[in-house]
1. Could you please give the count of residues in the stretch 132-171 that are outside any helix (DSSP H, G or I) and closer than 26 Å to I60 by Cα?
2. List pairs: first residue in the stretch 20-41 and acidic (D, E), second residue modelled with pLDDT under 95 and surrounded by 13 or more Cβ atoms within 10 Å (Cβ to Cβ) anywhere in the structure, Cβ distance under 8 angstrom, at least six positions apart or on different chains.
3. Of all residues in the stretch 58-97, which are in contact (Cβ under 8 Å) with a residue 12 or more places away in the chain and either of a type in the set (D, E) or touching a Cys at 6+ places or on another chain (Cβ under 7 Å) (or both)?
4. Select, from S100, S81, S135, S88, the only residue that is exposed (fewer than 15 other Cβ atoms within 10 Å of the Cβ), within 30 Å of L14 (Cα to Cα) and not β-branched (V, I, T).
5. Which of the residues belonging to the stretch 1-55 are more than 21 Å from A72 (Cβ to Cβ) and acidic (D, E)?
6. Pairs needed: first member in the stretch 152-167, within 12 Å of S108 (Cα to Cα); second member anywhere, polar (S, T, N, Q) and assigned to a helix (DSSP H, G or I); C-beta distance under 8 Å; at least 6 residues apart or different chains.
7. Can you tell me which of (1) β-branched (V, I, T); (2) more than 13 Å from the chain's Cα centre (by Cα); (3) under 19 Å from P23 (Cβ atoms) is the one I79 doesn't meet?
8. Limited to the stretch 1-19, what total is found for residues that are under 30 Å from S81 (Cβ atoms) and exposed (fewer than 10 other Cβ atoms within 10 Å of the Cβ)?
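The values are calculated or read from the model by the stated rules, or taken from the named source; none is laboratory data. This one's a predicted model, so the numbers in the text were calculated from it and none came from an experiment. All Cβ positions, glycine included, derive from the backbone under ideal geometry; neighbour counts span all protein chains shown.
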Amino acid sequence: MAHNRIERAFENALFASRWLMVPFYAGLVLALVALMVIFVEELVGEIPRLLEITETDILIWTLSLIDLSLAANLLLMVIFSGYENFVSKIDNDDHPDRPSWMGKVDFSGMKLKLVASIVAISAIHLLKAFMEIASYDKENLRWLVIIHIVFVGSGVLLALMDWITSRTKDH
């Protein structure tokens, strides 16, 4: 009987330890705020020059804004999914703006979405580098391409592993 009480108390303590993740998610929210500040700074900083800059500069500026937006989306997805998967369900099922994927993305899905976002961000950086090719030396450009290929390959391998895992669970 005492053994069961000790075991139950230990299991309750383990289960309660999930709340130790909350400061991590709070820190990610602060990182989201920091990205927003940088986004606004980028946006406001270029507006006075809007009629003077070249088409290439506008494209690079737009890609920078898209890059920041993708990083913010990625952070938000990790915050929501991580909190719901590991800490507690967010009780807003009746809210009209609740994203349809909330509460449905498991760790495997979150991992694939994370890698897909990283690949997209890497692709944008690579595209920006190609648009500013004169300011990059060949070695730096080569490394950007290699890193992007590694991200793409990692994403494909992770998706393949998940696909194999899902097929073996059925048998």
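1. 3
2. Close Cβ pairs satisfying both conditions: none exist.
3. Result: D67, E84.
4. Result of the check over S100, S81, S135, S88: S88.
5. First pass over the stretch 1-55, keeping only residues more than 21 Å from A72 (Cβ to Cβ): 1-20, 48-55.
Once the filter is applied, which keeps residues that are more than 21 Å from A72 (Cβ to Cβ) and acidic (D, E), the stretch 1-55 yields E7, E11, E52, E55.
6. D162/S108; T165/S108
7. (2)
8. 5
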